[in-house]
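**Student:** Questions regarding the structure given below will be posed in turn.
The values are calculated or read from the model by the stated rules, or taken from the named source; none is laboratory data. The model shown is predicted, which means the values in this text are computed figures rather than measured ones. Every residue, glycine as well, gets a Cβ built from its backbone with ideal geometry; the counts of neighbours run over all protein chains shown.
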Amino acid sequence: MARRRKRKSRRRQEGRRILESVPQFSIECGEDKPVTAARKFIHAEGILPPALLLVKRNEHTTDRYFWAEKGLFGAQYVEENHFLFPSLRTSEDEIDAVAVPSRSR
């Protein structure tokens, strides 16, 4: 039997495109759980939101978290609900300005 192609959510694709413009930090969790490692890294480095944290759990698994003014969220949730985060709205406006040049007459 032929496999059906998985449908890609336009809203999630848009959120992923917006998150690409946010600063990214890659860390390893070591002995801590991934969320704890992300929180410790944010506190130690004084990272200001918005930021995307890639926490390597082991050689095969990497967890993605989004650091916002409201707290730490899973990146997949933020991709699907990017319109709920004010810090991403300014990034979205900048991306649209670059992607679609304005015409003047």
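**Student:** With the requirement that a residue be under 20 Å from Phe85 (Cβ atoms) and not hydrophobic (A, V, I, L, M, F, W, C), what does segment 34-69 give you?
**Tutor:** Answer for segment 34-69, where residues must be under 20 Å from Phe85 (Cβ atoms) and not hydrophobic (A, V, I, L, M, F, W, C): Arg39, Pro49, Pro50, Asp63, Arg64, Tyr65, Glu69.
**Student:** So if I check each of Arg64, Arg89, Arg39, which one is basic (Lys, Arg) and outside any helix (DSSP H, G or I)?
**Tutor:** Arg64
**Student:** Could you say whether any residue in segment 9-27 is assigned to a strand (DSSP E or B) and either acidic (Asp, Glu) or on the phi > 0 side of the Ramachandran plot (or both)?
**Tutor:** No, segment 9-27 contains no residue that is assigned to a strand (DSSP E or B) and either acidic (Asp, Glu) or on the phi > 0 side of the Ramachandran plot (or both).
**Student:** Only residues that are closer than 19 Å to Leu72 by Cα, modelled with pLDDT under 90 and of a type in the set (A, V, I, L, M, F, W, C): list them for segment 1-28, please.
**Tutor:** Passing the criteria: none in range.
**Student:** Does Arg57 fit the bill of being basic (Lys, Arg) and under 14 Å from the mean Cα position of the chain (by Cα)?
**Tutor:** Criteria not met by Arg57.
**Student:** Which one of Glu59, Glu79 is part of a helix (DSSP H, G or I) and charged (D, E, K, R)?
**Tutor:** Only one candidate qualifies: Glu79.
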